[in-house]
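Undergrad: Take a look at this one; I'll ask things after.
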Ligand code: WTA
């Protein structure tokens with residue numbers, strides 16, 4: 001693989017240097033000095049950051065590391081919402097906008113810190129009235145509206161563990177997540193609105209809870225005024241209904257540093273998604289620190305992250321991190337292409353956004369549409385622009401830098417994962433940026449590129465991306481599956497194996513290439529090949545299937561499925577659209593195959609494992625590599 005990478009290394013050995021105004025811009029100041037300070041005493045480094053925040057009881061020790069189990073801020077007591085809300089309400093930020101929301105229909109809602117706290121406390125008391133207690137799991141399946149954020153914070157307020165499921169997931173995917181977490185409550189909306197159309201969520205929820213005995217109540221936020229969904233008394237409750245007749249004040253639950261904060265499911269290499277579990281203190285400190293210093297958020301900034309709060313990016317960089325900092329967060333329900341391809345840039349102009357965080361797939365889509373759209377609007381308020389979710393290829397970097405950042409704004413290309421909870425690698429503001437490379441480990445984090453034995457690769461070569469030391473926001477386990485957790489730390493000796501392939505440049509910068517396992521990243525969303533395969537096989541006409549990712553210039557990858565039909569079925573366009581519909585309903589629109597090919601046989605090892613690598617090589621016309629295990 002090295003040859004391939006070297007080509008890229010030579011081609012893009014160019015640096016972009018930040019303007020003078022960005023040098024030593026933040027507290028971090030000089031990257032190298034901050035990094036040295038961290039390496040000299042990691043615990044002192046992290047406790048210095050944690051001291052900015054409010055604790056009910058301080059910690060005894062910063063880190064208790066019992067490989068591969070970490071406890072951070074041992075014995076400390078806190079509540080993350082006291083830091084995201086009350087801390088600001090007690091200060092001059094009380095009347096500052098915490099959340100500015102823009103709906104598809106043009107509606108705008110603004111919540112000050114005080115107003116957001118008031119809503120969160122009422123909803124939290126509503127949950128309490130329903131019997132929700134500390135440690136209970138609550139599933140949130142909602143569109144990008146303020147109520148989604150309120151529901152998350154209300155859970156955290158009372159110590160309930162939220163499991164947010166992105167509203168683009170289908171019925172089976174939702175059912176799996178509800179049952180695995182044994183959620184007591186499901187919070188949803190009647191509809192989500194996308195590109196002017198209402199998409200019913202409640203019908204998906206009603207089917208998804210059919211086989212979910214843990215669910216005691218469904219709380220419905222009703223957006224539709226014309227035909228409001230009817231509510232089954234007792235079982236189904238109204239979102240604002242439960243906020244009536246409850247006390248206005250809800251004191252934050254006293255949480256231990258290591259109490260669970262939330263579960264978030266992510267695709268794995270088996271058919272069942274992994275419930276990544278994050279805990280209170282370390283996650284709070286990690287997301288606070290990175291929001292503040294990676295984005296260099298300033299008091300008067302308006303910050304926009306285009307992700308959905310239903311993904312980790314939204315958890316960490318729409319909700320918890322920026323609110324812990326006391327920032328003003330802009331949240332928009334609008335897709336980048338509706339009503340036209342200028343809408344995001346129009347919003348930046350209107351809101352005077354200062355810090356903007358989006359995904360490479362969106363950047364590449366805009367590149368294709370041309371500069372005319374962003375050039376119609378005044379983007380001069382932008383100061384920092386960020387990227388996350390997949391590699392930001394050099395062409396996209398250059399376009400983003402020039403057309404959106406006007407050759408002035410630093411780009412923070414942030415590498416991290418649902419599992420890491422916080423940003424891990426980027427080019428800190430003020431440092432020279434190298435297109436194609438995410439950058440270096442941020443102060444507080446130690447990463448490397450290694451071979452399968454854990455030996456550091458030579459600079460200029462590729463290998464596996466690993467994290468070498470525990471970090472505060474790291475996942476603590478995979479819910480009800482600790483063995484899968486241990487695998488992260490046991491695959492490559494002595495480190496956390498991220499599952500990504502990367503190249504280490506001679507200058508220490510890291511270029512992330514993509515996944516090393518059976519996860520396909522489509523438009524920034526992780527999709528397990530096994531999940532799509534089992535969805536296809538659950539259709540009555542399908543005997544077997546194998547799924548691969550095909551590189552795509554816009555979406556990063558597209559899903560291609562190879563399907564063997566059961567006897568008595570014949571390939572047809574009608575069957576193809578039936579299969580696509582079936583995947584759409586079970587897993588959701590994000591997992592739908594772009595292409596289905598009917599085959600009689602699939603390449604397998606003698607032990608019967610499908611060799612997707614062989615299918616992929618054939619599809620792309622490249623060398624399949626070692627096929628000695630292939631069964632003829
Ligand atoms: C990929 C999203 C290259 C990577 C926060 C990782 C990236 C997976 C980058 C995690 C980046 C994320 N450059 N690749 N800047 N950011 N990835 O869990 O493959 O949805 O392992 O978390 O996305 O995806 P997840």
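Undergrad: Determine whether the range 105-114 contains at least one residue that is more than 22 Å from residue 285 (Cα to Cα), buried (at least 19 other Cβ atoms within 10 Å of the Cβ) and at pLDDT 95 or above. Steps first, answer last, please.
TA: Of the residues in the range 105-114, the ones more than 22 Å from residue 285 (Cα to Cα) are 105-112, 114.
Retained after the next criterion (residues that are buried (at least 19 other Cβ atoms within 10 Å of the Cβ)): 111.
Still in the running and at pLDDT 95 or above: 111.
Yes.
Undergrad: Here's a follow-up. How about the range 76-117: which of its residues are assigned to a loop (DSSP other than H, G, I, E, B), without any contact (Cβ under 8 Å) to a residue 24 or more places away in the chain and touching a strand residue (DSSP E or B) at 6+ places or on another chain (Cβ under 9 Å)?
TA: First, pick out the residues of the range 76-117 that are assigned to a loop (DSSP other than H, G, I, E, B): 76, 79, 90-96, 103-107.
Of the ones still in play, those that are also without any contact (Cβ under 8 Å) to a residue 24 or more places away in the chain are 90, 92, 94-95, 106-107.
Scanning the range 76-117 gives 94, 95, 107.
Undergrad: Scan 473, 396 and give me the residue that is over 26 Å from residue 493 (Cβ atoms) and under 21 Å from the mean Cα position of the chain (by Cα).
TA: Working: 473 fails: over 26 Å from residue 493 (Cβ atoms).
Just one listed residue meets the conditions, 396.
Undergrad: Consider the range 403-418. How many of its residues are more than 13 Å from the ligand (Cβ to nearest atom) and within 15 Å of residue 509 (Cβ to Cβ)?
TA: Applying the first criterion (more than 13 Å from the ligand (Cβ to nearest atom)) to the range 403-418 yields 403-410.
Filter once more, so that each one left must be within 15 Å of residue 509 (Cβ to Cβ): 410.
So the answer is 1.
Undergrad: Now for a separate question. Can you report the number of residues in the range 400-431 which are in contact with a helix residue (DSSP H, G or I) (Cβ under 9 Å, 6 or more places away or on another chain) and not in a loop (DSSP other than H, G, I, E, B)?
TA: 7
Undergrad: Restricting to the range 324-340, what's the tally of residues that are modelled with pLDDT of 95 or more and under 22 Å from residue 411 (Cα atoms)?
TA: 7
Undergrad: Another question about this same structure. Inside the range 95-121, can you point out the residues that are farther than 25 Å from residue 350 by Cβ and touching a helix residue (DSSP H, G or I) at 6+ places or on another chain (Cβ under 8 Å)?
TA: In the first step, residues of the range 95-121 are kept if they are farther than 25 Å from residue 350 by Cβ; the result is 117-118, 120-121.
Selection gives 117, 120, 121.
Undergrad: OK, next. Which numbered condition in (1) surrounded by fewer than 24 Cβ atoms within 10 Å (Cβ to Cβ); (2) within 30 Å of residue 473 (Cα to Cα); (3) within 22 Å of the chain's Cα centre (by Cα) is the only one that residue 507 fails?
TA: (3)
Undergrad: Out of 421, 386, 439, which single residue is within 13 Å of residue 508 (Cβ to Cβ), within 15 Å of the ligand (Cβ to nearest atom), in the same structural domain as residue 39 (by TED's automatic domain parsing) and at pLDDT 95 or above?
TA: On the way: 421 fails: within 13 Å of residue 508 (Cβ to Cβ); 386 fails: within 13 Å of residue 508 (Cβ to Cβ).
Unique residue meeting the criteria: 439.
Each row is one residue, and each column tells you yes or no for (1) part of a strand (DSSP E or B); (2) in contact (Cβ under 8 Å) with a residue 24 or more places away in the chain; (3) within 31 Å of the chain's Cα centre (by Cα).
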{"residue": "530", "(1), (2), (3)": "no, yes, yes"}
{"residue": "533", "(1), (2), (3)": "no, yes, yes"}
{"residue": "536", "(1), (2), (3)": "no, yes, yes"}
{"residue": "548", "(1), (2), (3)": "yes, yes, yes"}
{"residue": "554", "(1), (2), (3)": "no, yes, yes"}
{"residue": "562", "(1), (2), (3)": "yes, yes, yes"}
{"residue": "574", "(1), (2), (3)": "no, no, no"}
{"residue": "593", "(1), (2), (3)": "no, yes, yes"}
{"residue": "596", "(1), (2), (3)": "yes, yes, yes"}
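Undergrad: A follow-up question, please. Which ones in the range 267-292 are surrounded by fewer than 23 Cβ atoms within 10 Å (Cβ to Cβ) and under 21 Å from residue 443 (Cα atoms)?
TA: Across the range 267-292, the qualifying residue is only 292.
Undergrad: I'd like the full set of residues that are part of a strand (DSSP E or B) and within 14 Å of the ligand (Cβ to nearest atom), limited to the range 467-489. Outline the logic, then answer.
TA: Filtering the range 467-489 for residues part of a strand (DSSP E or B) gives 467, 477-478.
Within the range 467-489, 467, 478 meet the criteria.
Undergrad: From (1) within 16 Å of residue 269 (Cβ to Cβ); (2) part of a loop (DSSP other than H, G, I, E, B); (3) more than 16 Å from the ligand (Cβ to nearest atom), pick out the condition that doesn't hold for residue 492.
TA: (3)
Undergrad: Turning to a different aspect of this structure: For residue 518, are the conditions met, namely being crowded, with 21+ Cβ neighbours inside 10 Å, within 25 Å of residue 602 (Cβ to Cβ) and within 16 Å of the ligand (Cβ to nearest atom)?
TA: Values: crowded, with 21+ Cβ neighbours inside 10 Å: yes; within 25 Å of residue 602 (Cβ to Cβ): yes; within 16 Å of the ligand (Cβ to nearest atom): yes.
Criteria met by residue 518.
Undergrad: How many residues does the range 442-456 contain that are more than 15 Å from the ligand (Cβ to nearest atom), in a loop (DSSP other than H, G, I, E, B) and under 24 Å from residue 42 (Cβ atoms)? Please lay out each step first, then the result.
TA: Of the range 442-456, the ones more than 15 Å from the ligand (Cβ to nearest atom) are 443-444, 446, 448, 450-456.
After this cut, where a residue has to be in a loop (DSSP other than H, G, I, E, B) as well, the list is 443-444, 446, 451-455.
Now restrict to residues that are under 24 Å from residue 42 (Cβ atoms): 443-444, 446, 454-455.
The number of residues fulfilling the criteria is 5.
Undergrad: Moving on. Considering only the range 382-399, how many residues are touching a strand residue (DSSP E or B) at 6+ places or on another chain (Cβ under 8 Å) and either over 29 Å from residue 421 (Cα atoms) or in a loop (DSSP other than H, G, I, E, B) (or both)?
TA: Here the count works out to 6.
Undergrad: Of all helices (runs of 4 or more DSSP H) completely enclosed by the range 268-364, which ones contain at least 3 residues that are farther than 30 Å from residue 254 by Cβ and either more than 14 Å from the ligand (Cβ to nearest atom) or in contact (Cβ under 8 Å) with a residue 60 or more places away in the chain (or both)? Walk me through it before giving the result.
TA: Numbers: elements: 280-293, 321-325, 343-351.
Filter on the range 268-364 gives 343-351.
The values are calculated or read from the model by the stated rules, or taken from the named source; none is laboratory data. None of these values were measured; they are calculated from a predicted model. With ideal geometry, Cβ positions are generated from the backbone for all residues, glycine too; neighbour counts draw on all protein chains shown.
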